[in-house]
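Working notes, structure below.
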Amino acid sequence: MAGTNKQKALNAPVFAILPVETEWHEGFASFFPHAPECKAMLGDQGMRVAVGNHSA
């Protein structure tokens, strides 16, 4: 973590590290069954990572 965030994390009452699943689009048909074709829009890993980071 960045130097300025390290002290904040150490002093925080709770600290969590949450991973991002970059292959989440593979299960698209099971959690978005009404539009499975949307999986094709998520072929770019960079976009999947960006979407995953914004949903946290």
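The values are calculated or read from the model by the stated rules, or taken from the named source; none is laboratory data. It should be emphasised that the depicted structure is a prediction, and the values quoted were computed from it without experimental measurement. No Cβ is skipped: glycine too gets one built from the backbone with ideal geometry, and neighbour counts run over all protein chains shown.
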Give me the residue from the stretch 1-34 that is of a type in the set (D, E, K, R) and under 23 Å from GLN45 (Cα atoms) and, out of that set, modelled with the lowest pLDDT.
GLU21
Filter the stretch 1-30 for residues that are part of a helix (DSSP H, G or I) and under 19 Å from ALA50 (Cβ atoms); the one that is nearest to the chain's Cα centre (by Cα) is TRP24
